[in-house]
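To keep things clear, I will list the structure first and then write my remarks on it.
The values are calculated or read from the model by the stated rules, or taken from the named source; none is laboratory data. Nothing here was measured: the structure is a model prediction, and the numbers come from that model. Because the Cβ atoms are built from the backbone with ideal geometry, glycine has one as well, and the counts that use them run over all protein chains shown. Note: areas computed on protein heavy atoms with side chains; ligands, DNA, RNA excluded. Shrake-Rupley method; radii C 1.70, N 1.55, O 1.52, S 1.80 Å.
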Amino acid sequence: MTAMEEYNSGSESSFHSEEADGIVKECIEGVVGNDDYSQSLVNKWTAGIVERCLTQLVKQGKPYKYIVTCAVMQKTGAGLHTANSCYWDTTMDGSSTVRWENRTMYCVVSVFAVAIA
C-alpha cells in the first residue's frame, strides 16, 4: 500500500487517542524529566510541553487542526478537577487527556484534534 493509499484509507485519517497519549507522555518526560516542582519553571515547562506536543502531532501528517492545553500543579494534597466538552464529528474528531505525575507535581495535558474538511 502506498503512502497516499494509507492516507486515504479511513484508519489512517481517524484520530487515535492511544497514539496521542504516547506522544504526550514522551513530551512531558522530555521537558520535565525528573525535575522537582519549581514555581519559577512552570511557565517554561507548560510552554515547552504544548509546543513539543503540537510539533510531534503535526509531524504525523494527519489532516487535523490541534489544540493542546497543559496544567502543572504542585503536589500539596489539594484537589485538581478538570472537564471538557466538545461538539463535533465523533467519527473523525477526537480528544485525549493525559495525567502524568512524579514525586512533587501533577501535569494534565489535553489534546483536541479536529479534522480539516
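About its Cα centre, the stretch 54-117 has a charge dipole of approximately 240 debye under the convention of +1 per Lys or Arg Cβ and -1 per Asp or Glu Cβ, with nothing else charged.
The apolar share of the surface of the stretch 76-117, taken as the fraction of accessible area on carbon and sulfur atoms (1.4 Å probe, ligands and nucleic acids excluded), comes to 52 percent.
Were the residues from Ser14 through Thr91 laid out at 0.36 nm apart, the gain over their Cα-Cα distance would be 27.0 nm. Here the simple spin-label model places points 7 Å from the Cα toward Cβ, and for His81 and Asp35 these points are separated by 3.0 nm. Helix 42-59 and the longest principal axis of the C-alpha atoms of the chain enclose an angle of approximately 10°.
As a calculated quantity, the FRET efficiency between Met73 and Lys25 at R0 = 25 Å, using C-beta atoms, amounts to about 0.90. Once the Cα atoms are used to define both axes, helix 17-32 deviates from the longest principal axis of the chain by about 40 degrees. Extents of the chain, taken as max minus min of Cα coordinates on every principal axis and listed largest first, are 49, 28, 19 Å.
Considering only Thr69, Thr91, Thr46, the mean-square fluctuation computed in a Gaussian network model of the chain, springs between alpha carbons under 10 angstrom, is largest for Thr91. The residues of the chain present an accessible area of 62 Å² per residue when probed at 1.4 Å with all protein chains retained. Distance between the 7 Å Cα→Cβ label points at Lys59 and Lys44: 2.2 nm.
Where only DSSP H runs of four or more residues are counted, the chain gives -11500 deg cm²/dmol as its mean residue ellipticity at 222 nm, each run worth -39500 (n - 2.57).
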